[in-house]
Amino acid sequence: MSWLSRFLNGIRRDRLNRDLEDEIQFHLAARMEELTRAGMSPRQAKEQAGRQLGNALRLRESSREIKLFPRFESILMDVAFGLRLCRKNKIVTAAAVVSLSLAIGACTAAFSLIDALILRPLPVNDPERLVYAVYRSPGDADDRAPFNYPLFERMREASRSQVQLFGMSFQSRRDAVFDDSGGQSEKVYPQWISGAAFPLLGIKPALGRLLTESDDLKPSQHPVAVLSYDFWSRRFGRNPGVLGRWVTVKEKQLQIVGVAEKGFTGVEPGIHTDLWAPNMMWDDSALTSPGWSWFRIWGRLQPGVTADQARAILQTVYTNFRRERASGMRADAPRDSVERFIHTPFYLRAAANGPSGLRQSFERPIWVLGIIAGLVLLIACSNVASLLIARAAARDREMALRLSIGAGRGRLIQQMLIESALLSIASCVLGVFLASKAGPLITDMLSTSQSVVRLDLQLDWRVLSFLTAAGSLTAFLFGLAPALRASAVSPNDALKSGSGKQTARIGLFRPLVAAQTAFSFLVLFVAGLFLASFAKLVRTDLGFDRNNLVVIEVEARDLRQGGQKAFAVWRQLLDRLKENPGVQSASLSGWSLFEGSRSTQNLRIPGRPVDAFEHHYLPISPHFFETMRIRLVGGRDFEWRDGQEGSPSAVIVNESFARRNFPGESPLGKRFFQVGRGGTLIAQDIVGIAGDAKYDSVRDATPPTVYALLLPESWASLQVRTHLEPAALAALLRNELPRVHPAFRMTGVTLQSTLVENTLVRERLLALLSGFFSIVAIVLVAVGLYGVLSYGVVQRTREIGIRVALGARPLRVVSLVLSEIGLVTLIGLVLGLAGGVAASQFITALLYDVKPSDIWSIAAPLACLLFACSLSALLPALRAARVDPTTALRYE
């Protein structure tokens with residue numbers, strides 16, 4: 001008989017039983033007929049046929065073994081029995097499934113994020129041969145990836161036999177105007193790439209054509225663009241008529257010529273590219289300037305070539321290029337600094353998973369959260385194991401009876417493990433549902449108003465494989481101890497009523513209680529550090545007032561190259577806004593604080609040694625300090641006359657700049673020089689000193705900053721301090737901007753407080769999720785400890801009754817119950833503290849102004865856990881103290 005038929009017979013057992021019965025009856029009837037024809041009476045023939053056929057039950061069982069797999073049948077029987085048992089013990093089943101599903105769902109959601117952001121390879125051909133270039137400047141701890149186009153061209157020509165290079169710009173949201181939008185802009189994620197990128201990546205078109213090398217030969221000669229399939233679906237509803245339409249991005253019109261294949265959303269995990277354009281459609285000056293680093297260099301290794309072989313050639317080109325640039329440096333530049341600049345190391349990193357700024361920021365936090373979720377899963381397993389051990393103790397008679405009639409120990413272990421597997425399967429199903437909801441919520445937490453994160457969290461084979469492994473391991477972890485305990489029961493003792501050996505079985509719970517306590521303390525300890533760190537970041541003094549401050553992006557393309565005329569128009573805009581009673585003050589800047597943009601400058605200070613340290617730079621208008629509420633320590637604010645032609649170049653510096661460059665003296669009236677392009681020196685006169693204000697990071701110390709007068713033309717960031725709601729202010733600006741000048745257009749509105757909060761996404765994520773996990777851990781350990789103590793009180797009711805009858809006071813009974821578990825809990829706390837000290841080395845870099853060794857870092861989680869344990873132990877202890885001796889002595 002085929003294995004498939006035997007397998008199906010195991011499923012259709014009722015039908016098999018009928019077939020076997022019919023077959024036996026057929027053989028019996030046939031034999032009776034033969035004997036009747038031989039002259040026997042029907043009664044004699046039936047008796048004789050039965051004797052010849054033999055034991056019908058034995059025949060049926062031997063036939064069953066031939067027609068099905070006996071082990072498979074036993075498994076099915078155990079599954080059916082386990083389902084009935086789960087329905088019978090609804091409370092235990094619900095408690096186990098809920099606790100496990102929360103933990104499994106958290107682990108699955110964490111793995112989905114880790115897989116999508118860190119582990120999953122790019123959807124391109126042969127991603128293992130992809131590399132990307134980085135360098136590490138002197139003093140840098142991390143790699144840097146921006147390169148300039150002239151260097152890229154040299155590298156591409158010199159390394160064709162080793163690696164095929166192509167370039168891709170870094171991605172950021174930009175305004176785009178499609179020809180069907182009526183002139184209204186929308187935010188998109190564009191990327192400028194080499195014409196050879198799509199062929200080297202192996203991407204095919206879903207519609208039209210993709211970019212080719214001929215589109216990337218001369219600046220501004222091929223204004224074409226390719227849409228992603230995802231953006232084509234969202235924005236155009238997969239309309240084939242999109243081909244030939246025009247879109248304006250970065251002030252250049254591009255014609256849509258194709259759509260990339262489905263599933264390809266770019267090469268940077270977390271960012272879905274909306275459209276691609278040739279590198280040659282970027283700014284013309286960026287294609288020739290060696291000082292403008294704006295894109296990443298990618299490469300596909302030739303067959304048989306290793307990354308080290310290709311790097312050797314590219315390092316030579318890179319060093320020679322930097323040597324040429326160093327020849328233009330000033331003669332007074334320190335020789336060691338020049339040598340470090342020339343010999344900067346160059347590397348090729350594996351790009352199978354795609355380089356990602358999001359990964360660089362969140363890789364360690366997501367791994368930490370995944371580990372915390374794993375600890376919660378271990379707590380849940382310990383909790384469920386305690387429940388199942390208690391349930392197994394109540395089934396001692398059942399197990400003893402099974403053993404006494406011939407069941408083997410392996411058969412009992414199989415039954416218990418199958419019951420555990422059923423709980424695990426139900427938990428996995430519910431956990432998948434929870435993970436499908438939690439994953440997108442966490443992705444939304446990673447997103448900010450300036451950057452939308454998109455991760456593919458679909459339920460694929462990788463996630464299902466993880467879920468299967470997690471479910472199997474979980475069933476084994478919480479099911480093995482109850483299975484071994486149940487199979488080790490003594491039939492003689494279990495079948496004797498009133499056996500006193502039950503009182504010792506609380507010892508089986510001790511390792512589980514210690515493990516629960518240790519894991520819970522570790523989760524609470526780490527969560528407490530993250531919560532304290534986030535709280536301190538939120539309370540950090542930024543040096544300016546973020547409240548009631550609205551930031552507006554204003555564009556005026558027609559004022560480009562407007563000079564003093566444009567300057568006057570922007571001044572008129574500020575004057576017009578200040579006339580509104582809802583506006584307290586308004587100012588302009590090149591970009592907003594905490595927006596994510598930054599500019600650094602090299603300076604030369606007379607009488608000071610040449611310093612390679614870069615100073616932050618921010619162009620602002622008059623009244624910027626008033627609007628931001630940054631205090632002026634000395635000197636004066638900017639005035640509009642500072643921007644007139646022929647006026648001295650006035651600047652304002654912050655206190656950090658003064659302390660670094662003019663220690664012990666006032667910088668007012670002093671002059672320094674800004675190093676411009678080509679090494680030219682531009683004189684700057686200090687007219688004011690501003691208080692320290694954070695520039696783009698709450699974590700980092702305030703950098704030395706130079707504020708220069710902004711001469712706006714086509715774009716500026718407008719800060720407005722107002723009592724109006726942002727929506728009302730936006731409506732006001734939409735009306736006021738065209739009245740000042742028809743070129744003005746508002747492209748974005750946000751709150752300054754939102755910009756600050758956007759920089760704390762990582763810390764907020766760690767604080768919220770670790771806090772949630774800590775609550776789950778406390779609840780689980782409290783429920784688990786309550787169950788263990790309640791079970792111990794029930795098992796020791798007779799003993800406690802005897803003690804009370806002999807004169808034991810209630811307090812003595814309470815201490816007796818608590819001493820059973822107190823030492824184990826203390827051991828768990830010590831182990832948890834040791835684990836916390838070890839884990840703190842891994843998370844220290846994620847903390848802010850918080851030390852794991854601080855007394856409050858240890859005392860807070862310890863107090864929370866002790867309070868939860870004490871509360872969970874109170875009810876069982878009081879129940880034990882109220883035991884009636886008369887009732888207890890009649891126990892069993």
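Among residues belonging to the range 538-551 that are assigned to a loop (DSSP other than H, G, I, E, B) and open to solvent by less than 70 Å² (accessible area, probe 1.4 Å), point out the one that is farthest from LEU709 (Cα to Cα). Let's see the steps before the verdict.
Our first condition is that a residue be assigned to a loop (DSSP other than H, G, I, E, B); within the range 538-551, this holds for 539-548.
Of the ones still in play, those that are also open to solvent by less than 70 Å² (accessible area, probe 1.4 Å) are 540, 542-546.
On the way: THR540: 28, LEU542: 22, GLY543: 20, PHE544: 19, ASP545: 21, ARG546: 22 Å.
The qualifying residue farthest from LEU709 (Cα to Cα) is THR540.
In the range 178-190, which residue that is assigned to a loop (DSSP other than H, G, I, E, B) and modelled with pLDDT under 90 is most open to solvent (accessible area, probe 1.4 Å)? Talk me through it step by step, then tell me what you get.
From the range 178-190, those assigned to a loop (DSSP other than H, G, I, E, B) are 179-185, 189; that's our starting set.
Still in the list and also modelled with pLDDT under 90: 179-185.
Details: ASP179: 87, ASP180: 73, SER181: 28, GLY182: 73, GLY183: 45, GLN184: 125, SER185: 37 Å².
My answer is GLN184.
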So which of LEU574, LEU603, LEU559 is closer than 14 Å to TRP640 by Cβ and either touching a strand residue (DSSP E or B) at 6+ places or on another chain (Cβ under 8 Å) or at pLDDT below 85 (or both)? LEU574
For the range 85-110, which residues satisfy the criterion of being open to solvent by less than 40 Å² (accessible area, probe 1.4 Å) and free of Cβ contacts under 8 Å to residues at least 12 places away in the same chain? none
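For ASN353, are the conditions met, namely being under 30 Å from ILE843 (Cβ atoms) and over 21 Å from the mean Cα position of the chain (by Cα)? Before you say what the answer is, go through the steps one by one.
On the way: under 30 Å from ILE843 (Cβ atoms): yes; over 21 Å from the mean Cα position of the chain (by Cα): no.
So ASN353 does not fit the description; no.
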Exactly one condition in (1) over 30 Å from GLN572 (Cβ atoms); (2) in contact (Cβ under 8 Å) with a residue 24 or more places away in the chain is false for THR680; which is it? (2)
Under 6 Å between Cβ atoms, at least 6 apart or on separate chains: pull out the pairs that start in the range 583-594 with a residue that is touching a residue at least 12 places away in the same chain (Cβ under 8 Å) and end on any residue that is among the acidic types (Asp, Glu). SER585/GLU626; PHE594/ASP696
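What about ALA805, is it without any contact (Cβ under 8 Å) to a residue 12 or more places away in the chain, surrounded by fewer than 21 Cβ atoms within 10 Å (Cβ to Cβ) and not hydroxyl-bearing (Ser, Thr, Tyr)? Spell out the reasoning first.
Details: without any contact (Cβ under 8 Å) to a residue 12 or more places away in the chain: no; surrounded by fewer than 21 Cβ atoms within 10 Å (Cβ to Cβ): yes; not hydroxyl-bearing (Ser, Thr, Tyr): yes.
Criteria not met by ALA805.
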Close pairs from the range 119-132: first closer than 15 Å to GLY270 by Cβ, partner modelled with pLDDT of 95 or more and part of a strand (DSSP E or B), Cβ under 8 Å, at least 6 apart: LEU122/LEU130
Return only the number of the condition from (1) more than 29 Å from PHE521 (Cα to Cα); (2) β-branched (Val, Ile, Thr); (3) part of a helix (DSSP H, G or I) that VAL376 does not satisfy. (1)
Checklist (1) modelled with pLDDT of 90 or more; (2) in a strand (DSSP E or B) applied to ASP175, failing item: (1)
Could you give me the residue pairs with C-beta distances under 8 Å whose first residue belongs to the range 283-310 and is within 18 Å of MET168 (Cβ to Cβ), whose second residue is among the polar types (S, T, N, Q) and part of a strand (DSSP E or B) wherever it lies, and which are 6+ apart or on separate chains? TRP294/SER169; PHE295/SER169; ARG296/SER169; GLY299/GLN164; ARG300/GLN164
Qualifying residue in the range 502-510 (condition: within 28 Å of ASN383 (Cβ to Cβ), of a type in the set (Val, Ile, Thr), modelled with pLDDT under 90 and surrounded by 14 or more Cβ atoms within 10 Å (Cβ to Cβ)): yes
Residues that are modelled with pLDDT under 85 and within 30 Å of LEU441 (Cα to Cα): list the strands (runs of 3 or more DSSP E) wholly contained in the range 687-795 that include at least 2 such residues. 745-751
Looking at SER449, SER465, SER472, can you tell me which residue is surrounded by fewer than 17 Cβ atoms within 10 Å (Cβ to Cβ), under 22 Å from PRO121 (Cα atoms) and among the small types (Gly, Ala, Ser)? SER465
Of the residues in the range 834-849, those that are open to solvent by 20 Å² or more (accessible area, probe 1.4 Å), modelled with pLDDT of 90 or more and among the hydrophobic types (A, V, I, L, M, F, W, C) number 1
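Go through the range 295-314 and count every residue that is among the aromatic types (Phe, Trp, Tyr) and in contact with a Gly (Cβ under 6 Å, 6 or more places away or on another chain).
Taking the range 295-314 and keeping what is among the aromatic types (Phe, Trp, Tyr), we get 295, 298.
Those still in the list that are in contact with a Gly (Cβ under 6 Å, 6 or more places away or on another chain) too: 295.
Residues in the range 295-314 being among the aromatic types (Phe, Trp, Tyr) and in contact with a Gly (Cβ under 6 Å, 6 or more places away or on another chain): 1 in total.
Taking the range 850-877 only, how many residues are crowded, with 16+ Cβ neighbours inside 10 Å and within 15 Å of ALA527 (Cβ to Cβ)?
Filtering the range 850-877 down to residues crowded, with 16+ Cβ neighbours inside 10 Å leaves 850, 852, 857-858, 860-862, 864-865, 868-869, 872-873, 876-877.
Next, only the ones that are within 15 Å of ALA527 (Cβ to Cβ) stay: 850, 852, 857-858, 860-862, 864-865, 868.
Going through the range 850-877 one residue at a time, the tally reaches 10.
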For the list (1) open to solvent by less than 10 Å² (accessible area, probe 1.4 Å); (2) touching a Phe, Trp or Tyr at 6+ places or on another chain (Cβ under 6 Å), I need the number of the one condition that LEU201 fails. (2)
List the pairs whose first member sits in the range 197-226 and is assigned to a loop (DSSP other than H, G, I, E, B), whose second member is of a type in the set (D, E, K, R) and crowded, with 18+ Cβ neighbours inside 10 Å, and whose Cβ atoms are under 7 Å apart, counting only residues at least 6 apart or on separate chains? HIS222/ASP215
Residue hits (the range 722-761; touching an Asp or Glu at 6+ places or on another chain (Cβ under 8 Å), crowded, with 17+ Cβ neighbours inside 10 Å and polar (S, T, N, Q)) are THR759
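For the range 552-601: of the residues being part of a helix (DSSP H, G or I) and of a type in the set (A, V, I, L, M), which is farthest from the chain's Cα centre (by Cα)? I'd like the intermediate steps shown before the answer.
Going residue by residue through the range 552-601, those that are part of a helix (DSSP H, G or I) are 557-559, 564-578.
Remaining after also requiring of a type in the set (A, V, I, L, M): 559, 566, 568-569, 573-574, 577.
Values: LEU559: 43, ALA566: 45, ALA568: 48, VAL569: 46, LEU573: 43, LEU574: 42, LEU577: 42 Å.
In this case the residue turns out to be ALA568.
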Consider SER589 against the criteria (1) surrounded by fewer than 19 Cβ atoms within 10 Å (Cβ to Cβ); (2) under 17 Å from LEU549 (Cβ atoms); (3) among the small types (Gly, Ala, Ser): it satisfies all of them except one. Which criterion is unmet? (1)
Do you know which residues across the range 238-254 are touching a Pro at 6+ places or on another chain (Cβ under 8 Å) and assigned to a loop (DSSP other than H, G, I, E, B)? LYS250
What number goes with the only condition from (1) free of Cβ contacts under 8 Å to residues at least 60 places away in the same chain; (2) under 31 Å from the mean Cα position of the chain (by Cα) that TYR848 does not pass? (1)
For the range 287-306, which positions are of a type in the set (Gly, Ala, Ser) and open to solvent by less than 50 Å² (accessible area, probe 1.4 Å)? SER289, GLY299
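The values are calculated or read from the model by the stated rules, or taken from the named source; none is laboratory data. Because the structure is predicted, anything quoted here is derived from the model rather than measured. Methodologically, a virtual Cβ is constructed for each residue, glycine included, from the backbone with ideal geometry; neighbour enumeration extends over all protein chains shown. Side chains included, ligands, DNA and RNA excluded: accessible areas come from the protein's heavy atoms. Shrake-Rupley method; radii C 1.70, N 1.55, O 1.52, S 1.80 Å.
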